[in-house]
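Student: Let me begin by handing over the structure; questions about it come next.
The values are calculated or read from the model by the stated rules, or taken from the named source; none is laboratory data. Predicted model only: the values in this text are computed from it and were never measured. So basically every Cβ, Gly included, is an ideal-geometry build from the backbone, and we count neighbours across all protein chains shown.
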Amino acid sequence: MVKFIKEYVETCDTCCRGKTSHAKPHGPLQPNEVPDGPGQVVTCDFITGLPDVDRYNALQLIADRHGKIIHLIPCTEEIDAEGTADNFIREWFRLYGLPRKIVSDHGPQFSSKLFRAVLKGLGIESAMSTAYHPQTDGQSERWNQEIEAYLRMYCSRRRDDWVKWLPIAEFAFNSHVHSATGYSPFYLMYGFEPQFHIPMLSTAVPSADERREELRQAREDATSALTLAAERMKEYYDHYVRDAPEFKDSQKVWLDTRNFRVPGVSRKLVDRYAGPYLVKRKVGNLAYELKLPKDLALHPVFHVSLLLPHKESQLPGRHPPEPASIEVEGEEEYKVEEVLESQRYGRWKKLQYLVDWMGWGPEHDSWEDTVDLANAPKVVQKFHSTHPDAPSPLNKKTKL
């Protein structure tokens, strides 16, 4: 009986969707490679949502993964791939030359064909982080937090002078000793510390050979320190995770919904997992590409920590229910469970309904035009009876 109940619960479709997993997440840390020297691997990211100042409302951050030197470039949230590449050439290439690799997220500026074509033409490898797994580019995420904190502390009360503080912020970060390397980014890049105070007079002038040897030794020390820091970080991180399972092609998995946006539903009441979805292929060491529905606008590659294996039930009659469909005039249609909300959109204020499809989870709810619900008049009528103030064919309101 105990074995039967255990399998019944483990293969319960409703339980797998709705229950929160309290187990350690899957996937040990895979530290990023440690470059041999400065300028080889750089990261790029954006800080958005800043106040409009001098036509700028965003910030582009470019950082070196070895020496940790950064450059802060004011820009706008509307910046495209061409503007991103132009900033890189103007603010980084002219100083340090071409890197071997650029690490970024899946922002439209970096994933566009134009940006990737530019990198390919220059012989630069593009390494984009896994969707919803910012640890891939943890360096940029950490810098973003530090820079935002700096600007919060030094900007005026009206926050209308953050642009003028960028050179000072950049200098402060680049001249500060980094905990991972034991040196300042400025020293590892240029071989000397910047002068920002009145020094004690000294007649000792090191020779060029001594200066070159000091810089070589400092960069070797930085590489060793970065390798040691990566090992310590992995040891600490792996203490809180489980070994990653190996998913095979065409295997079914549950997908964590923490990054889903479900219109009209409280986040606390959304199913914790969606699916099950089929695995298409393995990408890298700890990521998988899934076969997602066309209306699920998500990048299909996910880190293993967001996936759980789906267990097929061996009990009679316990197979997960398939979404029901009906045939109307020779065409297959899905049944409407409920209309959740209505709105008017676009220039012509067309009426749309947010539909809950029978047999599908809330992550598949979709906005449909009125004409697409012609075969579900009773469901639409029930919605308007319950919500008389919602936008309707007779009510010209734009939203509830």
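Student: Report those helices (runs of 4 or more DSSP H) wholly inside segment 67-161 carrying at least 3 residues which are at pLDDT below 85 and in contact with a His (Cβ under 8 Å, 6 or more places away or on another chain).
Tutor: none
Student: Turning to a different aspect of this structure: List the pairs whose first member sits in segment 103-119 and is without any contact (Cβ under 8 Å) to a residue 24 or more places away in the chain, whose second member is hydrophobic (A, V, I, L, M, F, W, C), and whose Cβ atoms are under 7 Å apart, counting only residues at least 6 apart or on separate chains?
Tutor: Sorted first by the residue in segment 103-119, then by its partner, the pairs are 111/128; 119/102.
Student: Just to be sure, is residue 279 over 30 Å from residue 67 (Cβ atoms), at pLDDT 80 or above and outside the structural domain of residue 182 (by TED's automatic domain parsing)?
Tutor: Yes: the conditions hold for residue 279.
Student: Quick one: residue 355 ticks every box in (1) more than 25 Å from residue 274 (Cα to Cα); (2) at pLDDT 85 or above; (3) in contact with a strand residue (DSSP E or B) (Cβ under 8 Å, 6 or more places away or on another chain) bar one, so which box is it?
Tutor: Tallying (1) more than 25 Å from residue 274 (Cα to Cα); (2) at pLDDT 85 or above; (3) in contact with a strand residue (DSSP E or B) (Cβ under 8 Å, 6 or more places away or on another chain), residue 355 fails exactly one: (1).
Student: Give segment 373-389 a look and list any residue that's within 14 Å of residue 337 (Cα to Cα) and among the charged types (D, E, K, R), or say none.
Tutor: Answer for segment 373-389, where residues must be within 14 Å of residue 337 (Cα to Cα) and among the charged types (D, E, K, R): 378, 382.
Student: Between a residue in segment 148-164 that is closer than 16 Å to residue 47 by Cα and any residue that is among the hydroxyl-bearing types (Ser, Thr, Tyr), which pairs come within a Cβ distance under 7 Å, given they are 6 or more apart or on different chains?
Tutor: Every condition considered, the pairs that remain are 163/56.
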